[in-house]
1. Give, in nm to one decimal, the length gained when the segment between residue 459 and residue 572 is fully stretched (0.36 nm per residue of separation minus the Cα-Cα distance).
2. Please list, in chain and number order, the residues 5+ apart from residue 544 or on another chain whose amide H is under 5 Å from its amide H, with Hs placed from the backbone.
3. Can you compute 3J(HN,Hα) from phi for each residue in the range 602-608, using the Karplus curve 6.51 cos²θ - 1.76 cosθ + 1.60 with θ = phi - 60°, rounded to whole Hz and x for Gly and Pro?
4. So how do 210-222, 597-609 stack up, highest first, on mean other-Cβ count within 10 Å?
5. What is the local net charge at residue 551, summed over the other residues whose Cβ is closer than 13 Å to its Cβ (Lys, Arg +1; Asp, Glu -1)?
6. Sort 70, 568, 22 by Cβ crowding within 10 Å, fewest neighbours at the top.
7. Using the structure shown, list the pairs from 477/506; 477/543; 89/205; 96/205; 198/234; 198/231 with a Cα-Cα distance above 29 Å, or answer none.
8. If amide hydrogens are placed 1.01 Å from N in the peptide plane, which non-local residues have theirs closer than 5 Å to the one on residue 556?
Amino acid sequence: MKINLARKITVLSIVFFACLVISNFYQYRILVNIKTAFNKSIRINSKLIKDAQLLRHLIIDAETGQRGYIITGNIEFLDPYYKANNKFKIVFSSIKSQITNNQKLLQLLEKIWHLKLRWEGQAGSPEITLRKEITSSNNNLKKIDSLIVNGPGEKILAQIKIIILRLESELNILNVEGYFLIISKLSESIHTSVSGQKTFLLCGKTNYLESFYIGQEKFQNNYDLLKQRFKNSKKLLLLLSNIKIKYQDWIDQAAIPEIEVRIKHETDPRSFDDLSNLLGEGKGKGIIDELREISSTFIKQVEIEIEQDLIHSEKAVNNSILYLLYFILSSALICFLFTAFLSKSIFNSISLLLEGTRIISSGNLNHKIIINSKDEFENLAQSFNLMSHKIKQTQTQLIESSKMASLGKMASGIAHELNQPLGAISINSESIVKLLKRDHTEQAADLCQLNIEQIKRVTLIINALRAFSRESSKDQKEFYQVNDLINNMLLLFENDFRLNEIEIIKEFEVNLPKISLLKIQFEQVISNLLINAKDALENISKKKAIIIKTVLIDHLLIISFIDNGCGIPEKDILNIFDPFFTTKPIGKGTGLGLSLSYGMIESNDGTIKVTSEVGKGSTFLIEFPIKRNK
């Protein structure tokens with residue numbers, strides 16, 4: 001598959017840029033929708049919380065107005081009672097319209113409505129009616145006492161408070177800040193104190209004072225909590241402090257004096273006139289009204305601060321939109337960076353090709369260049385791999401040809417080497433037959449032992465010949481002792497060297513480490529070097545010798561083949577390992593022996609080099625690094 005690289009880069013860059021712009025556009029739309037939903041949710045939740053708090057205050061106002069009228073008989077206390085009842089219906093409808101999809105909240109709201117109706121029917125209206133009768137007849141304070149003490153009003157109010165608390169608990173999930181809940185509890189604690197005190201004034205039973213004192217304790221707890229929450233706002237702390245001061249004024253100037261007068265009335269009924277006068281002054285009502293006014297101001301201030309927080313949040317969202325716009329504008333730069341990255345991938349492909357070429361040229365024809373780029377580079381890598389495979393096949397064929405040539409040169413020597421022990425075996429066998437006929441068993445046994453030795457020698461030669469002639473493509477790298485491999489090859493050349501009066505001198509270092517080799521290739525190299533050395537010694541008159549050394553020096557295993565033959569001219573040294581280069585007469589050499597030897601040594605992680613002097617001989621050095629061996 002051929003793809004123009006320039007076109008590929010251009011297309012990918014355009015696609016990347018388009019995807020980036022589309023992605024950023026959708027992110028921008030999502031962020032705008034989040035902002036819209038955020039603002040809408042804030043408006044809805046803020047109104048819902050305010051309406052819920054207002055519903056609670058309306059219940060408190062209705063109860064306070066009703067209680068005030070019952071205690072004092074002053075018709076003015078009924079005005080907030082009726083106003084609270086009328087507004088309660090409006091606020092109830094507003095809340096119901098806001099939570100139409102929340103069945104749990106709707107159920108709680110319906111319970112509040114029914115409990116409110118029950119309180120109106122069973123306590124609020126009957127108590128007012130009874131108080132009117134008492135006022136008109138100036139009679140029977142005990143009837144209203146009995147109705148308040150024994151009637152269901154207090155239980156119903158307690159249930160209303162519990163349901164409201166549950167409603168607030170559910171609404172608290174939607175609350176932006178937790179201030180309204182704490183403020184409501186602060187107001188509730190005030191109402192608890194007032195309700196307990198007023199009820200005690202009405203009936204004179206001391207168990208109602210428990211609510212009065214519990215309300216004070218809750219007030220202090222809620223006050224401390226709010227004080228900690230608003231420690232960084234001087235205005236809120238000032239308002240909170242004013243609430244506490246006024247609350248304490250109500251306790252000191254109204255609640256305690258009224259309680260003392262009511263207690264005095266229990267022992268001296270005539271003091272009830274003092275109670276009536278005290279209640280008639282309306283001092284406690286004035287303080288409560290002022291306290292409510294301050295609480296309302298406090299709540300408004302909290303709303304202002306929450307509104308400021310919302311402004312900051314909106315500003316943060318706007319900043320996010322601005323940053324996103326900047327990000328979209330930077331898409332072009334990212335596109336260029338992406339193009340640079342793509343170019344880098346191209347350079348990586350080129351680097352892989354160069355590295356693969358270097359490895360293959362060093363003789364490792366098994367190396368594969370892997371590039372999965374689906375372009376010209378992949379095609380080029382495949383061509384390289386195919387080329388190295390064909391070179392490997394050609395090399396294998398050349399090795400086999402060189403091996404056959406070596407076998408041909410060794411054939412006469414090997415034949416003579418085999419004929420000699422076979423002839424001895426034949427003669428010994430005839431002698432054994434004659435000796436056995438004469439019962440000379442001991443002499444026959446000696447000849448049999450000689451035959452066995454000759455057979456072992458023949459077997460050794462045949463095995464060495466079989467191993468050398470084995471097909472090289474089936475050979476695998478294994479760990480070998482080079483001294484053993486050299487000895488095996490010398491066995492094949494032994495008779496040939498003896499016939500040509502060539503002395504073999506072995507200087508092997510013992511206990512050499514084994515090295516990883518393709519055995520058949522290494523044996524072929526030894527064969528080529530021995531044949532070249534024999535040819536170099538062919539026409540000299542002095543004593544002929546080949547010295548073979550193995551030694552370990554500085555983590556290098558060095559094998560030396562030294563002959564005292566004719567030597568190699570200096571001008572030919574640089575070309576000695578080139579394919580088809582030879583200094584031998586036509587028909588005697590192919591020029592491939594040393595070239596193949598060079599490649600085979602390289603493929604076995606070694607190196608081969610030569611030094612020579614005309615008339616004195618040549619030295620071939622093979623080096624293997626031990627760090628790569630086992």
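1. Details: separation 113, 0.36 × 113 = 40.68 nm, distance 4.13 nm.
My answer for the length gained is 36.5 nm.
2. 503
3. Couplings: 4, 5, 9, 6, x, 9, 9 Hz.
4. On the way: 210-222: 16.6, 597-609: 19.6.
Ranked by mean Cβ neighbours within 10 Å, highest first: 597-609, 210-222.
5. Net charge in that neighbourhood comes out at -2.
6. Details: 70 23, 568 20, 22 10.
If I rank by nearby Cβ atoms, fewest first, I get 22, 568, 70.
7. On the way: 477/506 26 Å; 477/543 39 Å; 89/205 34 Å; 96/205 40 Å; 198/234 34 Å; 198/231 34 Å.
Beyond 29 Å: 477/543; 89/205; 96/205; 198/234; 198/231.
8. Amide H neighbours of residue 556: 626.
We did not get these values from a lab; they are worked out from the coordinates using the rules stated. If you're wondering where the values come from, they're calculated on a predicted model, not measured in any experiment. Cβ coordinates were reconstructed from backbone atoms using ideal geometry, including for glycine residues, and neighbour counts include every protein chain displayed.
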